[in-house]
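Peer 1: If you scroll down you'll find the structure; I have some questions about it.
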Amino acid sequence: MNRLLAALTGVLATLAGVAAGHLVASLLEPATSPVLAVGSQVIDLTPTPVKEWAISQFGDRDKPILVGSVLVGVVLLSALAGLLARKRFAYGAALLVLLVAVPATVAVTRPGAGASAVVPSLVALVVGVAALWWLARSAARSASGSDAARAGRAAHGADGSGPSRRGLLVALGVVAGAAAVMGGAGRWIASYRSRAVDIDLPAAAEPLPPLPKGLEERFSGITPLRVPNDEFYRVDTRLDVPIVDHESWTLTIDGDVDQEVTFTFDDILAMDLVEKDITLTCVSNSVGGKYVGGARWLGVPLNELLDRAGVGSRADQILSTDVDGMKISTPLALATDGRDALLAVGMNGEPLPREHGFPARMVIPGLYGFISATKWVTRMTLTTYDEQQAYWTDREWATDAPIKPSSRIDTPRALAQLDAGENVIGGVAWAQGNGGVGRVQVRIDGGPWEDTELGADVNNDYWRQWFLRWDATPGQHRIASRVIDGDGDPQTAVRANPFPEGSSGIQELIVTVS
Ligand SMILES: Nc1nc2c(c(=O)[nH]1)N[C@H]1C(S)=C(S)[C@@H](COP(=O)(O)O)O[C@H]1N2
Ligand SMILES: [Mo]
């Protein structure tokens, strides 16, 4: 058998194993899939600068690219397994065992994982080794078949691609097909299970009036005043979406408290629910970036939950934990300074989508999401920064990170080709905690800053849309925008990268008018 074919048997056998593991994981717990387990581990081990680089280079595609890279590595090693199996089956199988040991170890040692997390990897191993054995046997037969055929050809002058060669091709096809079917089924089941949950939430005790009409209705290209759930940005360390059963979900508040308390989902819904319009922002958002969004959240005030537990005097941090042990730190003083911090269960009139934290998440205005917006939250521990570290504080990100005021140009797009004459420049701006958005200004070609017209004022924790009519003359132009907060302070022009406490600087883009 030639080398290429041997490598192919290794690759297909491994893909069949991985696909079987993925399928089983989709039925048990998607995160235990061999691919996802390794991918998540890679995310956690990736140094912060590399992560920043990947997010800036690939944006939302960072995760598919990561999974793709893991798969390329697996394909190379499994090709080697195929080559080894050709010499001696046990060597090839041994390499597969080593290969599977990685996701198996990662899956069981991830925080919150039980021993059953190893099952998908074991299935991957059994299916992978069985497929390799079958393919290696078919290949050996095909080789001896073609030897025989060569001998036969010498005798009879006949052509020699005998039935055993066909047997090998059929076997390769069967294994490839089975891998595709199992992998596809696994993906379908995982996405079916992660669909939104169909339950009715109670209304807020004092519902907010509907949001005013947004500028997006007048000018295309401006981000909607309220971002629909399926368009809302998503940032988290998960490759998949955790499937949390709201009926068995609980939230425990413990640590430096008078008494530990545990709430069920029904306990939360039985409390007076409030509605708040809050703009969420990611610390990884670059100036002009898309990791920011406004939504209407339904939930209970965080303070009410903390009061039921009775916060002690030592704590300076709320260390929140999600369903699988991921930890986020929040400065206690800021979370409880009177701002509208929530445990949210609803988003834009629906239960939280699974991607956004179903059944419950934290939402705290004015703080970047990485220290305030824990999704799939199950525990809040009152503790100190000295005693306990969280995911990002372990990675040297800031602990106190208020959202920096910023304005984003949504239209025109960078490098757009515009017609001369009237054009609309527009976007969104936010300045939580600084008296909200006071003004938004635009600067053309480095000239004077001009005030724009503002959209509806929802509240100081919410972003504000803006626009300016611009009589564009032919040629290339530079457009910049900045926000001036309610206290009269303009957004800083000093450039900063997202790490460690959020980006700053002024967005400026170039367009061509003809
Ligand atoms: N459990 C969990 N919660 C999390 C995260 C995470 O990785 N895991 N990421 C945080 C970050 S960095 C941000 S910016 C917000 C994003 O919330 P969204 O995905 O709903 O927009 O969630 C926060 N909550
Ligand atoms: Mo974030």
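Peer 1: Quote the charge dipole size of segment 215-394 about the Cα centre in Debye, to the nearest 20; the model charges only the Cβ of Lys and Arg (+1) and of Asp and Glu (-1).
Peer 2: 600 debye
Peer 1: Which of the trypsin sites (Lys or Arg not before Pro) across segment 457-514 are loop residues per DSSP, with 15 or fewer other Cβ within 10 Å?
Peer 2: 495
Peer 1: Given a 1.4 angstrom probe, I'd like the percentage of the accessible area of the chain that is carbon and sulfur, rounded to a whole number.
Peer 2: The nonpolar share, carbon plus sulfur, comes to 55 percent.
Peer 1: Sort out for me the Cα centre separation of segment 443-461 from segment 372-395, rounded to whole Å.
Peer 2: So the two Cα centres are separated by 37 Å.
Peer 1: Follow-up. Tell me the per residue accessible area of segment 215-394 using a 1.4 Å probe; a whole number in Å² is fine.
Peer 2: 35 Å²
Peer 1: Can you tell me the relative contact order of the chain? Whole percent, Cα pairs under 8 Å, sequence separation 6 or more.
Peer 2: Rounded, it is 13 percent for the chain.
Peer 1: Moving on. Over segment 1-124, what is the mean sequence separation of C-alpha contacts under 8 Å (at least six apart), divided by residue count, expressed as relative contact order in percent?
Peer 2: Relative contact order, segment 1-124: 42 percent.
Peer 1: Working out 0.36 nm times the residue gap between residue 514 and residue 57, then minus their Cα-Cα distance, what length gain in nm do you get to one decimal?
Peer 2: Length gained between residue 514 and residue 57: 161.4 nm.
Peer 1: Ok, one more. Tell me which of 435, 498, 449 sits at the most positive position along the dipole axis of segment 406-513, charges placed on C-beta atoms (Lys, Arg +1; Asp, Glu -1).
Peer 2: Farthest along the dipole direction, towards plus: 498.
Peer 1: Further question on the same structure: Could you tell me what percent of the DSSP beta bridges with both partners in the chain are antiparallel, to the nearest 5?
Peer 2: Antiparallel: roughly 90 percent of the beta bridges in the chain.
Peer 1: Going toward the positive end of the dipole of segment 215-394, with +1 on Lys and Arg Cβ and -1 on Asp and Glu Cβ, which of 330, 268, 294 do you reach last?
Peer 2: Value computed over the given set: 294.
Peer 1: If I model a spin label as a point 7 Å beyond the Cα along the Cα-Cβ vector, how far apart are those points for residue 384 and residue 487 in nm?
Peer 2: Rounded to a tenth, the inter-label distance reads 2.9 nm.
Peer 1: Kindly count the pairs of lysines across the chain whose alpha carbons are less than 30 Å apart, treating pairs on different chains or eight or more residues apart as eligible.
Peer 2: Pairs that pass both the separation and distance tests number 23.
Peer 1: Nearest 20 debye, what's the magnitude of the dipole of the chain about its Cα centre given +1 on Lys and Arg Cβ and -1 on Asp and Glu Cβ?
Peer 2: 3680 debye
Peer 1: Alpha carbon centre of segment 10-88 versus segment 303-367: separation in Å?
Peer 2: First find each Cα centre; the distance between them is then 33 Å.
Peer 1: Let me ask you something else. Run through all the Cα pairs of the chain and give the fraction in each 20 Å bin from 0, expressed as whole percent.
Peer 2: Calculated P(r), rounded to whole percents: 20, 43, 26, 9, 1.
Peer 1: Using mean Cβ contacts within 10 Å as the protection proxy, how do 170-177, 347-354 order, highest first?
Peer 2: With the highest mean Cβ count within 10 Å placed first, the list reads 347-354, 170-177.
Peer 1: With all distinct Cα pairs included, what does the Kirkwood hydrodynamic radius of segment 406-513 come out to in Å, to one decimal, could you say?
Peer 2: So the Kirkwood estimate lands at 14.2 Å.
Peer 1: Starting from one equal scatterer on each C-alpha and no solvent at all, send me the Debye-based log10 I(q)/I(0) for segment 215-394 at q = 0.10, 0.14, 0.19 Å⁻¹, two decimals.
Peer 2: Taken in order of the listed q values, log10 I(q)/I(0) reads -0.37, -0.73, -1.34.
Peer 1: Have a look at 11, 27, 73 and report the one farthest towards the positive end of the charge dipole of segment 1-109, computed about the Cα centre with Cβ charges (Lys/Arg +1, Asp/Glu -1).
Peer 2: Final value for the positive-end residue is 11.
Peer 1: Using a ≥ b ≥ c from the Cα gyration tensor of segment 8-47 (square roots of the eigenvalues), is it rounded, prolate or oblate, where a/c under 1.5 gives rounded and otherwise the larger of a/b and b/c decides, a/b for prolate?
Peer 2: It comes out oblate by the Cα gyration axes.
Peer 1: Using DSSP H assignments, which helices in the chain have an axial alpha-carbon span of 24 Å or above and a mean Kyte-Doolittle hydropathy of -0.5 or higher?
Peer 2: 3-27, 62-87, 89-109, 119-156, 163-193
Peer 1: Please give the length that would be gained between residue 169 and residue 304 if that part of the chain were fully extended, namely 0.36 nm times their separation in residues minus their C-alpha to C-alpha distance (nm, one decimal).
Peer 2: Working it through step by step, the gained length comes to 42.0 nm.
Peer 1: Tell me, what is the percent relative contact order of segment 406-513, built from C-alpha pairs under 8 Å that lie six or more residues apart?
Peer 2: It rounds to 34 percent for segment 406-513.
The values are calculated or read from the model by the stated rules, or taken from the named source; none is laboratory data. This structure is a prediction, so every number in the text was calculated from the model and none was measured. All Cβ positions, even for glycine, are placed from backbone atoms using ideal geometry, and neighbour counts span all protein chains on display. With ligands, DNA and RNA removed, areas are computed over all heavy atoms of the protein, side chains included. Shrake-Rupley method; radii C 1.70, N 1.55, O 1.52, S 1.80 Å.
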